[in-house]
Amino acid sequence: DQHKEPPTITHIEKFLSFLEGDGIDGNNVFLIVESVFYPFGDQEDIRSITCLEVFKPLYNIENLPNDIAVDAQSTTVLKSELEQVDECIENIKIRTTLISKGAEAYYVILDGEADNDLSRGILALLSSMIGKLDAKDVLNINSSTVVNELMLQDVLDQEKVLCLENVVKMTQNQVRKLL
């Protein structure tokens, strides 16, 4: 028996591709890493090895049953565009994602960007609240009472209350467009 030692890797090159929007052919891929491993030596039978890693989003849904795996391959995922919320002093942009959970029912994920800590916190609270609801339930939220439901009536000034209401309305509009 002749035993060959595996080649020693001399260096590795990595190439990163960050994708915007729906990724490759709409399949929600957002990062591709291509790695090329170069072996040591000039032997003809030793060639470089290329490895391609594809990264897809993993959705964190609070009330998702443990036996259901959510990935972009086996589940319907509908995403809105990132949109600027009107009538807010702060710069807030939101995006709504719907993930199928059965016959015409969807989990809702709200994410976005805000330019200050208070607005990011409000967006996180709202996202947590909405993440526990079905898409149809989100459409039934009364935007003028959401401040009370989140117990923020004593914390927010009138401009922030109006902004929060507009975030809820825009989320509902995005859900309507996706459905």
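Assorted remarks:
- Qualifying positions in the range 154-164 - in a loop (DSSP other than H, G, I, E, B) and either over 19 Å from residue 91 (Cα atoms) or of a type in the set (D, E, K, R) (or both): 154, 155, 157
- Between 99, 109, the distinction of being open to solvent by less than 30 Å² (accessible area, probe 1.4 Å) and closer than 22 Å to residue 177 by Cα belongs to 99 only.
- None of 170, 129 is buried (at least 18 other Cβ atoms within 10 Å of the Cβ) and either in a helix (DSSP H, G or I) or not hydroxyl-bearing (Ser, Thr, Tyr) (or both) except 170.
- Checked across the range 140-153, the condition of being small (Gly, Ala, Ser), part of a helix (DSSP H, G or I) and open to solvent by less than 30 Å² (accessible area, probe 1.4 Å) holds for no residue.
- Residue 86 being open to solvent by 70 Å² or more (accessible area, probe 1.4 Å), touching a residue at least 60 places away in the same chain (Cβ under 8 Å) and either in a helix (DSSP H, G or I) or within 16 Å of residue 174 (Cα to Cα) (or both): yes
- Residues in the range 113-143 that are without any contact (Cβ under 8 Å) to a residue 12 or more places away in the chain and either under 13 Å from residue 165 (Cα atoms) or hydroxyl-bearing (Ser, Thr, Tyr) (or both): 1 in all.
The values are calculated or read from the model by the stated rules, or taken from the named source; none is laboratory data. Given the structure is predicted, the values throughout are model-derived calculations rather than measurements. Glycine gets a Cβ as well: all are built from the backbone with ideal geometry, and neighbour counts include every protein chain shown. Surface accessibility is based on the protein's heavy atoms, side chains included, excluding ligands, DNA and RNA. Shrake-Rupley method; radii C 1.70, N 1.55, O 1.52, S 1.80 Å.
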